[in-house]
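Colleague: Quick one: this structure, given as structure tokens, is what I'll be asking you about.
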Amino acid sequence: QKEVEQNSGPLSVPEGAIASLNCTYSDRGSQSFFWYRQYSGKSPELIMSIYSNGDKEDGRFTAQLNKASQYVSLLIRDSQPSDSATYLCAMSYYNQGGKLIFGQGTELSVKP
Amino acid sequence: KAGVTQTPRYLIKTRGQQVTLSCSPISGHRSVSWYQQTPGQGLQFLFEYFSETQRNKGNFPGRFSGRQFSNSRSEMNVSTLELGDSALYLCASSFGANTGELFFGEGSRLTVL
């Protein structure tokens, strides 16, 4: 079993809708969680980090972490065509912060 | 503020050769990590350096090595190249150690023929 799993998609949503991206992880020792966005042909860029159970909001983005159920999700409200990209879920263990373990990524397509 | 700079951006090598990739982190960042990205395996961690010391290493063969200099610039080297080493090699920097909040460079695209 992979340490971090995501649906590869593609996930298609209409403009203005909420896009929901999910990620599960296998090791309860996982400490920190991150969402990166990668446009085609570009490098990943950090969108959100979340370290404790609950929700964390930043503009149109909300990250949700549930350590008991071992999942982390990303909600994108009012989705825009410019949000079309691959979203990468990543996690790290305690004291290994720079060593990220990435999921395969979910391709999101926002249709005008 | 300049971002993470990687050179060269593209390179083509043949099997058995070696390659050195360079990374200049964001000014003030002391931690540099390297990742390999392929369509099949996705993003995989190679190594992390902080203050010239390797803090973490991924599950790659010894042909993959790296180092960090006193100015935080980093290099990675792959010796005896194999076809499967064809990938995008991404460098990322962060201000401190032990953080997953990384800033990635544009990558070095390596093709091994």
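The values are calculated or read from the model by the stated rules, or taken from the named source; none is laboratory data. All figures in this text were calculated on a predicted structure; none of them were measured in a lab. Cβ atoms come from the backbone with ideal geometry, glycine included; neighbour counts cover every protein chain shown. Remember, those area values only see protein heavy atoms, side chains included, never the ligands or the DNA or RNA. Shrake-Rupley method; radii C 1.70, N 1.55, O 1.52, S 1.80 Å.
Colleague: Roughly how many percent of the accessible protein surface of the protein assembly as shown is carbon and sulfur, given a 1.4 Å probe and a whole-percent answer?
Modeller: C and S fraction of accessible area: 47 percent.
Colleague: Same structure again: What FRET efficiency comes out for the pair A:Tyr71/B:Leu83, r = Cβ-Cβ distance, R0 = 35 Å, nearest 0.05? Could you put the intermediate results ahead of the total?
Modeller: Working: r = 37 Å, r/R0 = 1.05.
So, using R0 = 35 Å, E works out to roughly 0.45.
Colleague: Here is a further query. So how many Å³ per residue does the convex hull of the Cα atoms of the stretch B:1-101 work out to? Could the numbers behind the result be given before it?
Modeller: Working: hull volume 10.1 nm³, N = 101.
Given the Cα convex hull of the stretch B:1-101, per-residue volume reads 100 Å³.
Colleague: Only counting protein heavy atoms at a 1.4 Å probe, give the residues of the stretch A:25-71, ordered by number, whose accessible area falls by 50 Å² or more when the other protein chains are present relative to the chain alone.
Modeller: Going by heavy-atom accessible area, the residues of the stretch A:25-71 that drop by at least 50 Å² are A:Ser43, A:Pro44.
Colleague: While we're here: Where only protein heavy atoms count, and the probe is 1.4 Å, what is the accessible area per residue for the stretch B:34-93 in Å²? Numbers along the way, then the final one.
Modeller: Values: 2490 Å² over 60 residues.
With the other protein chains kept in place, the stretch B:34-93 gives 42 Å² per residue.
Colleague: Here is a follow-up. Work out which residues of the stretch B:63-112 lose at minimum 30 square angstrom of accessible surface when the other protein chains are put back, relative to the chain isolated, with a 1.4 angstrom probe, and list them by number.
Modeller: Buried-area filter returns B:Asn98, B:Gly100, B:Glu101, B:Leu102, B:Phe104, B:Glu106.
Colleague: Find out how many positive minus negative residues lie around B:Leu11, taking Lys and Arg as positive, Asp and Glu as negative, among other residues whose Cβ is under 13 Å from that of B:Leu11.
Modeller: Values: positive: B:Arg9, B:Lys13, B:Arg109; negative: B:Asp85.
With Lys, Arg at +1 and Asp, Glu at -1, the neighbours total +2.
Colleague: Pairs of Cα atoms under 8 Å, at least six residues apart: use those to get the relative contact order of chain B, whole percent.
Modeller: Values: 294 pairs, mean separation 41.4, N = 113.
Normalised by residue count, the contact order of chain B is 37 percent.
Colleague: Follow-up. Quick query: amide H of B:Ser86 versus all other amide H atoms, modeled in the peptide plane; which residues come in under 5 Å with a sequence gap of 5 or more or a different chain?
Modeller: Correct list: B:Val112.
Colleague: Hey, with R₀ at 41 Å, roughly what FRET efficiency would A:Ser8 and B:Ala2 work out to, going by the Cβ-Cβ distance, to 0.05?
Modeller: Values: r = 34 Å, r/R0 = 0.83.
The pair A:Ser8/B:Ala2 has a calculated efficiency of 0.75.
Colleague: Apply the a/c threshold of 1.5 to the C-alpha gyration tensor of the stretch B:1-51 and tell me whether it is rounded, prolate or oblate. Can you show the working numbers first?
Modeller: Values: a/c = 1.98, a/b = 1.52, b/c = 1.30.
Because a/c hits 1.5 or more and a/b exceeds b/c, the stretch B:1-51 counts as prolate.
Colleague: If you don't mind, there's one more thing I want to ask. Measure out, as a whole number of angstrom, how far apart the alpha-carbon centroids of the stretch B:1-65 and the stretch A:1-29 sit.
Modeller: Between the Cα centre of the stretch B:1-65 and that of the stretch A:1-29, the gap is 27 Å.
Colleague: Moving on. Can you give the extra length, in nm with one decimal, that the chain gains between A:Ser52 and A:Ser40 once fully stretched, where that is 0.36 nm per residue apart less the Cα-Cα distance? Each step should come with its number before you reach the end.
Modeller: Working: separation 12, 0.36 × 12 = 4.32 nm, distance 3.05 nm.
So the extension gain works out to 1.3 nm.
Colleague: So, one more: Give me the Å³ per residue figure for the convex hull around the C-alpha atoms of the protein assembly as shown. Let's see the in-between values first.
Modeller: Working: hull volume 28.0 nm³, N = 225.
Cα-based convex hull of the protein assembly as shown, divided per residue, equals 124 Å³.
Colleague: Using protein chains only and a probe of 1.4 angstrom, how many square angstrom of A:Asp55 are accessible, to the nearest 10?
Modeller: 110 Å²
Colleague: Here's something else I'd like to know. Can you check how the C-alpha radius of gyration of chain A compares to 2.2 N^0.38 Å, as a plain ratio? Could you put the intermediate results ahead of the total?
Modeller: Working: Rg = 13.3 Å, N = 112, 2.2 N^0.38 = 13.2 Å.
After normalising by residue count via 2.2 N^0.38 Å, the value is 1.01.
Colleague: Give me the summed buried accessible area for the B-A pair, 1.4 Å probe, to the nearest 100 Å². Intermediate results must be reported in sequence, preceding the final value.
Modeller: Working: alone 6070 and 6090 Å², together 10550 Å².
Summing both sides, the interface buries roughly 1600 Å².
Colleague: Mean separation of Cα pairs under 8 Å and 6+ residues apart, divided by the residue count of the stretch B:1-44: what relative contact order is that in percent?
Modeller: Values: 32 pairs, mean separation 15.8, N = 44.
That works out to 36 percent.
Colleague: Another question, if that's okay. What figure, in Å² to the nearest 10, do you get for the accessible area of A:Tyr51 with a 1.4 Å probe and non-protein molecules left out?
Modeller: Ignoring ligands and nucleic acids, A:Tyr51 comes out at about 100 Å².
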